[in-house]
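Worksheet: one structure, shown below.
Here, each number is a calculation from the coordinates, and none is a lab measurement. Small disclaimer: the values here were computed from a predicted structure and weren't measured. Neighbour counts are summed over all protein chains in view; Cβ atoms, including those assigned to glycine, are modelled from backbone coordinates with ideal geometry.
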Amino acid sequence: MKTIKAKKHKELLPGEIRWSCNPDIFKFASTDELEPLKGILGQERALKAIKLGVDLRSPGYNIYISGLSGTGKASTV
């Protein structure tokens, strides 16, 4: 069996551990200036699964939705 040598790890300084976003890249001063998003962003697969569950008209099938509080689970269904 062929062994593969692991790459040497890179030691990080404390300041390199956390990513920070440069606020200068945004063209607004406050999120109050932004229009609310319409729809559910990035959840196409979840929406298809919900639609499938709703379309099943046989007894014994349920839809289970989990996620963090305040993420729009109830309003989506």
request  = Calculate how steeply helix 44-55 sits against the longest principal axis of the alpha-carbon atoms of the chain, using the helix alpha-carbon long axis, and give the answer as 0 to 90 degrees to the nearest 10.
outcome  = 20 degrees
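Calculated FRET efficiency, residue 62 and residue 35, Cβ-Cβ r, R0 35 Å, to nearest 0.05?
Given R0 = 35 Å and the Cβ-Cβ separation, E is 0.50.
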ask   = Looking at the chain, how many pairs of lysines come closer than 29 Å at the Cα, when each pair is eight or more places apart or spans two chains?
value = 7
task = Tell me the label-point distance for the pair residue 1, residue 74, using the 7 Å Cα-to-Cβ offset, in nm and rounded to one decimal.
result = 5.2 nm
task = For residue 43 and residue 26, calculate 0.36 nm times their separation in residues minus their Cα-Cα distance, and state this gained length in nm to one decimal.
result = 3.7 nm
